[in-house]
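Read-outs throughout are calculated quantities, based only on the coordinates presented, and are distinct from any laboratory measurement. Source: prediction; values computed, not measured. Positions of Cβ are backbone-derived with ideal geometry, glycine not excepted, and every protein chain shown enters the neighbour counts.
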Amino acid sequence: MDYQNPYMAFPGMTPEEFGFLQQGTVEMTDNQKSRFFMIYGSKRRNPSDLLLVSLLGFMGFAGIQRFMVGQIGMGILYFFTCGLCFIGTIVDLVNHKSLANDYNRQMAYESYQMVKMGY
């Protein structure tokens with residue numbers, strides 16, 4: 001991995017995600033950055049993947065995008081209500097980038113904590 005710009009290894013990276021990753025890794029050593037990007041890369045969600053999975057909500061598989069971002073309760077609700085009568089699915093289609101950014105920010109924080117604790 002190129003440590004001059006390891007952020008390019010993540011497909012679909014948004015400017016917001018780039019900003020909080022760059023800010024969070026500024027004080028890390030190269031070894032810590034390597035571990036951080038390995039951990040974060042395994043947890044992160046691509047906004048395009050969330051968009052595609054949200055589209056499955058129109059075919060009877062509503063809520064998968066919510067399960068993917070750790071919102072189990074909302075996923076179950078979407079599943080049993082057909083995406084809140086498709087309204088929730090449409091909202092998720094529009095807001096797929098913010099869903100991914102919120103989840104990725106949380107995963108970046110967890111990954112940062114793991115690296116700082118020495119895992």
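Below are the figures for this structure:
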read-out: Unique match (being surrounded by 15 or more Cβ atoms within 10 Å (Cβ to Cβ), of a type outside the set (D, E, K, R) and under 20 Å from residue 114 (Cβ atoms)) among 67, 37, 79; value: 37
read-out: All positions within the range 44-53 that are part of a helix (DSSP H, G or I) and surrounded by 15 or more Cβ atoms within 10 Å (Cβ to Cβ); value: 47, 49, 50, 51, 53
read-out: Options 58, 36; residue that is assigned to a helix (DSSP H, G or I) and under 20 Å from residue 9 (Cβ atoms); value: 36
read-out: Meets criteria (surrounded by 14 or more Cβ atoms within 10 Å (Cβ to Cβ), touching a residue at least 60 places away in the same chain (Cβ under 8 Å) and among the aromatic types (Phe, Trp, Tyr)) for residue 112; value: yes
read-out: Residue selected from the range 73-119 under the condition assigned to a loop (DSSP other than H, G, I, E, B) and over 30 Å from residue 25 (Cβ atoms), by the criterion farthest from the chain's Cα centre (by Cα); value: 81
read-out: Residue in the range 89-97 that is crowded, with 17+ Cβ neighbours inside 10 Å, in contact (Cβ under 8 Å) with a residue 12 or more places away in the chain and β-branched (Val, Ile, Thr) present; value: yes
read-out: Inter-residue pairs, beta-carbon under 7 Å, first touching a residue at least 24 places away in the same chain (Cβ under 8 Å) and in the range 29-50, second among the hydroxyl-bearing types (Ser, Thr, Tyr) and in a helix (DSSP H, G or I), 6+ apart; value: 36/111; 36/112; 39/111; 40/111; 43/111; 45/103
read-out: Residue match in the range 13-26 (condition: in contact with a Cys (Cβ under 9 Å, 6 or more places away or on another chain), part of a helix (DSSP H, G or I), among the small types (Gly, Ala, Ser) and surrounded by 13 or more Cβ atoms within 10 Å (Cβ to Cβ)); value: no
